[in-house]
Amino acid sequence: MDTLESTKRCPQCGLTKNRSDFNHHRYHADGVKSECRNCQSLRAARYNEKRRNAGMTWGEFLPNRARHQKRYKAGHPLNKRLDLARWRARKRGATVLTLTVEEWRKRLREYKESCAFCGEHTYLTMEHVVAIADGGEHTYENVVPCCFACNLKRNGARTKKT
Ligand SMILES: [Zn+2]
Ligand SMILES: [Zn+2]
């Protein structure tokens, strides 16, 4: 009997093919890759051509790619810090986490890259106006730049209050 699962549409070439035209993939829900075999080998060929154009062996090409990614991350420290801030906010129980890098940059510009509380320019951290612990959200509306000293003061005041 022909079941629905015996064919599958490849999103790359848009053709509906037999499941046997897809490579197996252990971690995919349906047990095969999303791309058909043909598209996959085309992708591999493209990648191989890129490597050959660069005049590299696979051994040279792959570590090189890792190094590029590393250098990219090093050049974007804000992304990394924001990832960390989001992770921390979620861990503290924030449920709305929509703040983007662009929004945080905008916030920094609005405050002329200085502390929202005292105007200090150094050691800026991200402060939630309504603390996450008090039900605040990790959003553009609820974050301001704050210097390290003010951050400590605010944190101290909050723990004393409770
Ligand atoms: Zn395909
Ligand atoms: Zn301050």
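Some values worked out for this structure:
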item	result
Charge-dipole axis of the chain as Lys and Arg at +1 and Asp and Glu at -1 on Cβ define it, positive-most pick from A116, M56, L82	M56
Inter-site label distance for E102 and A74 at 7 Å from Cα along Cβ, in nm	2.9 nm
Theoretical gain in end-to-end length, S114 to A45 [0.36 nm per residue, Cα-Cα removed]	19.8 nm
Compactness relative to 2.2 N^0.38 Å, alpha carbon Rg of segment 69-123	1.30
Segment 4-74 shape via C-alpha gyration tensor axes, a/c threshold 1.5	prolate
Relative contact order (%) - the chain, alpha-carbon pairs under 8 angstrom, separation at least six	14 percent
Partners for K33 among aspartates and glutamates (Cα-Cα distance below 16 Å; same-chain residues under 8 apart left out)	E5, D21
Segment 1-125 shape via C-alpha gyration tensor axes, a/c threshold 1.5	oblate
Length gained when the stretch W87-F148 is fully extended (0.36 nm per residue, less Cα-Cα span)	20.0 nm
Percent RCO, i.e. relative contact order, over segment 1-89, from Cα pairs under 8 Å lying at least 6 residues apart	14 percent
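Only the coordinates and a few stated rules stand behind these numbers; no lab work does. Everything numeric here is computed off the predicted structure, so don't read it as measured data. When we count neighbours, we look across all protein chains shown, and the Cβ atoms used for this are built from the backbone with ideal geometry, even at glycine.
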